[in-house]
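Notes follow once the structure below has been shown.
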Amino acid sequence: MLKLVRLALTAAILTAIGVRLRRRARMPVKPPAPPAPQAVAHTRMGLAWAAIAGVVALALGAALIPTGPQTVAEVRWAVYQAEQSAMTVAMGADEKSPAPTPTPVTPTSAPVMPTPTPVVPTPATTASAPPPGIPAACMLSGQATVRPISPRVRAAVNRQWRRIERWLREHAPRTYASLGAPGRAGTVALAEAQTGLEFPDDLRASLLRHNGMSGPPAARFSFGEEPVLGVREIRDQWRESCAARVGRGDPIGRLIRVGTLIEVDADSGHVVASMVGPEPIWPSYHAMLRDMADALEKGRPMFGARATVKGGLLRWSSTL
């Protein structure tokens, strides 16, 4: 609307200027005539202003008469004004309304981790189904508890095993391949519970280094023809020995059989051969490992035999 009014006023002004210029163009070059009477001048000026007013009226009338595009523009303008008004009202309502109070979230308690329980052999897996020839008295089911091993003892045992492994790898690779995988502390603890004996630290450290031997029996590593037993084999050997003692009416022994003849005293840690004599052969299982490493590296006899190699396999040749 403002643009149309401005156009109308501009047209009126231009018309007045054009009328005035036309009047000057019609005037003769002669000196101007004496002025006309005042009444005639007033009459001419009134006509000019009347013409200007007519032009303005026509412009305003044309502006006020709605056309097609103008009607569409006015409708769009009205819609826009309505939308703006609605948004203003909504924003005012939001500002006046109180902010919603956040609902407090109660933290849930941390999940309770189950408490580790010791491994307890149940009668269903032990005493309820004893192997043939094993009395129930030799099928113990005590609580299995993993006991710590002295770091000094474990380091000493691992040192002797490294000497043995190095020699076998260089001279008897096929026998070296028979060395068993490391044992598990829980398995050793379960064997202790099933025999009622506490294995000495050096024996447990050795079982954690190599849990027995694997592969064909002829290729397995041995202590001078004495096989190196694993945890399960040690337990089974103890059960057989226990059954023999119970059958004779003897008390259950405290010896842990770790080979065909050699045994470890659970109380003193001595290595003995009770079937040969009561005297200890070595003061400890670690001492036996050390003598084995010396026998391999220095060619010393062990159990009356010397180490030889044939086809990558360790063999013991009798010195008698």
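The values are calculated or read from the model by the stated rules, or taken from the named source; none is laboratory data. On a predicted model such as this, the values are computed, not experimentally measured, just so you know. Positions of Cβ are generated from backbone atoms using ideal geometry, with glycine treated the same way; all protein chains shown enter the neighbour counts.
Given the conditions (1) within 17 Å of I164 (Cα to Cα); (2) buried (at least 19 other Cβ atoms within 10 Å of the Cβ); (3) touching a helix residue (DSSP H, G or I) at 6+ places or on another chain (Cβ under 8 Å); (4) β-branched (V, I, T), and given that I262 satisfies all but one, which numbered condition is not satisfied?
With respect to (1) within 17 Å of I164 (Cα to Cα); (2) buried (at least 19 other Cβ atoms within 10 Å of the Cβ); (3) touching a helix residue (DSSP H, G or I) at 6+ places or on another chain (Cβ under 8 Å); (4) β-branched (V, I, T), I262 is out only on (1).
Looking at (1) surrounded by fewer than 16 Cβ atoms within 10 Å (Cβ to Cβ); (2) touching a residue at least 12 places away in the same chain (Cβ under 8 Å), can you tell me which one A155 breaks?
(2)
Take segment 119-146 and flag every residue that is surrounded by 15 or more Cβ atoms within 10 Å (Cβ to Cβ), polar (S, T, N, Q) and at pLDDT below 50.
Passing the criteria: only T126.
Can you name the residue in segment 219-243 that is out of contact with any Ser or Thr (no Cβ under 9 Å at 6 or more places or on another chain) and modelled with pLDDT under 90 and is also surrounded by the most Cβ atoms within 10 Å (Cβ to Cβ) among such residues?
F223
Name every residue in segment 206-240 that is assigned to a helix (DSSP H, G or I), over 37 Å from the mean Cα position of the chain (by Cα) and over 16 Å from L314 (Cα atoms), in order of residue number.
Selection gives E233, I234, R235, D236, Q237, W238, R239, E240.
Can you tell which of V271, V231, V258, V264 is of a type in the set (V, I, T), without any contact (Cβ under 8 Å) to a residue 24 or more places away in the chain and under 24 Å from R147 (Cα atoms)?
The match here is V271.
Is there a residue in segment 294-301 that is in contact with a Leu (Cβ under 8 Å, 6 or more places away or on another chain) and acidic (D, E)?
Checking segment 294-301: not a single residue is in contact with a Leu (Cβ under 8 Å, 6 or more places away or on another chain) and acidic (D, E).
Would you mind finding the one in R174, R169, R163, R159 that is in contact with a strand residue (DSSP E or B) (Cβ under 7 Å, 6 or more places away or on another chain) and in a helix (DSSP H, G or I)?
Selected residue: R174, the only one of R174, R169, R163, R159 that is in contact with a strand residue (DSSP E or B) (Cβ under 7 Å, 6 or more places away or on another chain) and in a helix (DSSP H, G or I).
Residues of segment 179-202 being surrounded by fewer than 21 Cβ atoms within 10 Å (Cβ to Cβ), part of a helix (DSSP H, G or I) and in contact with a helix residue (DSSP H, G or I) (Cβ under 9 Å, 6 or more places away or on another chain), which ones?
Listed by number, the residues that qualify are A185, T187.
Condition first: in contact (Cβ under 8 Å) with a residue 60 or more places away in the chain, touching a Phe, Trp or Tyr at 6+ places or on another chain (Cβ under 6 Å) and under 21 Å from I164 (Cβ atoms). Can you find one or more residues in segment 299-317 that meet it?
Checked segment 299-317: at least one residue is in contact (Cβ under 8 Å) with a residue 60 or more places away in the chain, touching a Phe, Trp or Tyr at 6+ places or on another chain (Cβ under 6 Å) and under 21 Å from I164 (Cβ atoms).
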